[in-house]
1. If you go through the stretch 30-49 one residue at a time, do you hit one that is out of contact with any strand residue (DSSP E or B) (no Cβ under 8 Å at 6 or more places or on another chain), in a helix (DSSP H, G or I) and farther than 30 Å from residue 6 by Cβ?
2. Quick one: how many residues across the stretch 390-433 are in a strand (DSSP E or B) and under 27 Å from the mean Cα position of the chain (by Cα)?
3. Mind counting the residues in the stretch 63-80 that are surrounded by 15 or more Cβ atoms within 10 Å (Cβ to Cβ), out of contact with any strand residue (DSSP E or B) (no Cβ under 9 Å at 6 or more places or on another chain) and part of a helix (DSSP H, G or I)?
4. Which ranges mark the strands (runs of 3 or more DSSP E) fully within the stretch 116-221 that have 3 or more residues being at pLDDT 95 or above, within 25 Å of residue 399 (Cβ to Cβ) and out of contact with any helix residue (DSSP H, G or I) (no Cβ under 7 Å at 6 or more places or on another chain)?
5. Among the residues of the stretch 82-107, write down those that are within 30 Å of residue 58 (Cβ to Cβ) and either in a helix (DSSP H, G or I) or touching a residue at least 60 places away in the same chain (Cβ under 8 Å) (or both).
6. Check whether at least one residue in the stretch 361-374 is farther than 19 Å from residue 278 by Cβ, modelled with pLDDT under 95 and touching a helix residue (DSSP H, G or I) at 6+ places or on another chain (Cβ under 8 Å), and report yes or no.
7. So, in the stretch 30-70, how many residues would count as being at positive phi and modelled with pLDDT under 95?
């Protein structure tokens with residue numbers, strides 16, 4: 001079960017080995033696609049539950065739209081279509097017959113959703129229209145594929161809203177981005193940076209794109225969620241308009257926003273170690289595993305009696321707990337296996353523990369084992385899970401903060417990237433950004449508008465645009 005690759009020595013191979021040995025995924029017969037196994041899909045379910053609660057508070061409802069999009073509909077918005085053309089997968093036959101029009105397998109759903117919104121919106125009383133769908137997406141990516149992070153089919157949620165004013169749309173964009181910040185930090189224990197994308201990195205057809213970005217241990221940035229202000233471009237293209245109070249016709253202001261299963265990969269990369277998976281307790285399918293230690297049936301009976309009492313009390317508190325009472329595996333094997341699977345808390349119950357009327361508790365985040373008396377076990381476990389969640393976030397935040405450097409000279413920017421840093425630098429326009437991209441393969445991950453002017457690292461021109469550069473997945 002041991003991982004052959006080391007995180008700090010061969011990060012890419014370590015990750016590929018980990019996601020398979022920890023039973024998170026399996027390769028499928030279709031290149032670029034994968035099977036998501038229960039342990040990983042459970043994480044996706046927690047993300048869904050977290051966000052669905054946020055959506056409901058704001059009045060966003062879930063719906064579902066077809067995955068087939070007619071080519072003519074996709075072509076209605078020229079710049080949007082052009083942005084996705086290289087990655088579109090097409091259906092050209094149905095059974096034995098050629099289709100009269102090719103159908104795209106949904107690379108994103110703005111076109112099919114907004115053509116429907118045009119039917120549903122006629123009056124200001126119909127607004128805001130706030131819908132979300134949980135769906136699969138097909139993008140025939142030809143870049144380096146990596147489980148969870150870049151696959152040709154993936155799962156995501158995509159919110160689509162229509163509003164009566166620019167201000168309402170802008171407020172929706174900000175709310176969605178904040179939800180994504182919260183799901184990353186509060187659920188996945190993953191610190192992120194939030195900001196606006198540069199023009200070259202903006203979603204096709206949008207006025208602007210906002211993003212939350214995380215930094216992985218190999219120095220690459222990972223886009224964890226985006227929220228787009230689409231302005232009126234899509235509403236004009238698909239005739240999504242409403243009648244105002246004074247009987248005038250106005251086009252709606254639209255937004256779209258989404259996160260995907262790449263969040264699972266981000267959490268895996270960020271927290272895990274050379275022993276295997278490390279999961280924040282909030283997303284662990286099994287939060288506590290109890291391992292009875294015994295040599296014969298009588299010892300097993302005694303250990304299980306104590307274990308079952310703990311199980312009942314933990315389940316009353318909503319803890320997801322499992323008892324590993326297999327007789328064909330040694331305690332050491334079980335300890336290693338549950339560490340590989342990332343279970344946050346392990347409780348060991350052997351004769352020595354029973355004699356002292358307690359248990360031994362180990363934490364997956366590397367804290368030393370503790371002997372805990374029977375009457376204190378439940379409180380200890382609950383506190384340990386909270387502490388692990390906090391500790392993992394603190395570790396990741398320390399890593400992020402220590403990885404950000406400022407460069408006022410281009411040579412320093414390049415040195416920072418070579419040392420796997422997230423580099424702050426002033427950059428004045430798309431042309432300068434493209435020079436950096438072509439020379440270093442790093443892209444602008446987000447922009448902060450500063451009060452003080454600085455000099456562009458490429459042109460030397462004054463600018464208030466502070467970019468964060470990194471290579472990315």
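The values are calculated or read from the model by the stated rules, or taken from the named source; none is laboratory data. If you're wondering where the values come from, they're calculated on a predicted model, not measured in any experiment. Cβ sites come from the backbone with ideal geometry, for glycine too, and all protein chains shown count toward neighbours.
1. Looking through the stretch 30-49, at least one residue is out of contact with any strand residue (DSSP E or B) (no Cβ under 8 Å at 6 or more places or on another chain), in a helix (DSSP H, G or I) and farther than 30 Å from residue 6 by Cβ.
2. Within the stretch 390-433, residues that are in a strand (DSSP E or B) and under 27 Å from the mean Cα position of the chain (by Cα) number 7.
3. Residues meeting the conditions: 1.
4. Those strands (runs of 3 or more DSSP E) span 193-196.
5. Those that are within 30 Å of residue 58 (Cβ to Cβ) and either in a helix (DSSP H, G or I) or touching a residue at least 60 places away in the same chain (Cβ under 8 Å) (or both): 83, 84.
6. yes
7. Of the residues in the stretch 30-70, 1 are at positive phi and modelled with pLDDT under 95.
For (1) surrounded by 14 or more Cβ atoms within 10 Å (Cβ to Cβ); (2) modelled with pLDDT under 95; (3) under 30 Å from residue 316 (Cα atoms), each residue gets a yes or a no:
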{"site": "400", "(1), (2), (3)": "yes, no, no"}
{"site": "412", "(1), (2), (3)": "yes, no, no"}
{"site": "419", "(1), (2), (3)": "no, no, no"}
{"site": "429", "(1), (2), (3)": "yes, yes, no"}
{"site": "435", "(1), (2), (3)": "yes, no, no"}
